[in-house]
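First the structure, in the form of structure tokens, and then the observations on it.
The values are calculated or read from the model by the stated rules, or taken from the named source; none is laboratory data. Note that the structure is predicted; figures quoted are calculated from it, not measured. Quick reminder, even Gly has a Cβ in these numbers, built from the backbone with ideal geometry, and neighbours come from all protein chains shown. For accessibility, only protein heavy atoms count, side chains too; no ligands or nucleic acids. Shrake-Rupley method; radii C 1.70, N 1.55, O 1.52, S 1.80 Å.
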Amino acid sequence: MTADTRVPLTPRAPEGLSRRARYFVEGHGLRVPRRDLTPLREAWLGHGIPPAEIDRAVAFQERWGGIALPPAPAYEGGPRVLEADVPEGSTEDGWRFPAGGCRVSMAHGFEIGPGGEFGIDADRWTPLHASTEGWVEALALADHAGYWAETITKIKGDAVEELDLDGFEPVHEVQGLADTWWRGKDSLIAVYRGEASGFDASRCLRAHIYGGLDAWGLGK
């Protein structure tokens, strides 16, 4: 009799996420087989990739590799599956490695930056969140707010710059860099600046306003 080596479909959420994000990963995500990067180590070393950068990619793969999450509300849905691959870069410019393939053909890819940032490689490298945890927290909050909001308003382009954020406070768990979330008394606002920054194109600015939320819907 052979052992059952099938991968369980339900992923186990990595440590350090909020309860909302843990539920999102385990309740809505899927686990697929992840690639073992260990056999690639010698080949990557032979191409001049520093051992520390290989270790970073391996650590990401062990923590996030093989987790498929529902589509993101921006960036054409985000990565299909979180998955590390060969690091690229230099000592001068810093090293990055892929965070997972796109769901559709896109003009940018998702990468993990020198400091662990989750971002996109467009015309230039643009960190979206300070970590992969921040990206996942943002996905979970969008799913939560989208379910409980009475209204969802989507705006784009220069109108995003006219948003009045007086009385709003940043949602810290999303670790926003180019992308930020803001919490008001009865609404949440997600501002997506990544593509606008990455392509230097203000027309790519996006914001989603989730209105009519109570305390639970606000994710407090």
Would you mind classifying segment 32-128 by shape? Square roots of the alpha carbon gyration tensor eigenvalues, ordered a ≥ b ≥ c; an a/c under 1.5 is rounded, otherwise it is prolate if a/b is larger than b/c and oblate if not. oblate
Based on the alpha carbon coordinates of segment 159-220, what radius of gyration and maximum Cα-Cα distance (Dmax) apply, in Å? 12.1, 37
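Ignoring ligands, DNA and RNA, how do GLU111, GLU150 rank by accessible area with a 1.4 Å probe, largest first?
Working: GLU111 25, GLU150 150 Å².
From most accessible down to least: GLU150, GLU111.
Counting only helical runs of four or more DSSP H residues, what would the 222 nm mean residue ellipticity of the chain come to if each run contributes -39,500 (n - 2.57) and the total is spread over all its residues?
Calculated at 222 nm, the ellipticity per residue is -7000 deg cm²/dmol.
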With r as the distance between the Cβ atoms of ASP200 and ALA43 and R0 = 41 Å, compute the FRET efficiency 1/(1 + (r/R0)^6) and round to 0.05. 0.70
Contour minus Cα-Cα distance for LEU165 and TRP148 (0.36 nm per residue): 4.0 nm
Return an integer: the convex hull volume of the alpha-carbon atoms of segment 74-115, in Å³ per residue. 80
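For segment 83-136, what is the accessible area per residue in Å² when the probe is 1.4 Å? Write down the numbers at each step before the final one.
Working: 2160 Å² over 54 residues.
Value returned for segment 83-136: 40 Å² of accessible area per residue.
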Ordering 50-57, 132-139, 155-162 by per-residue average of other C-beta atoms within 10 angstrom, highest first, gives 132-139, 50-57, 155-162
Just to be sure I follow: if Rg is taken over the C-alpha atoms of the chain and Rh is the Kirkwood radius over the same atoms, what is Rg/Rh? 1.00
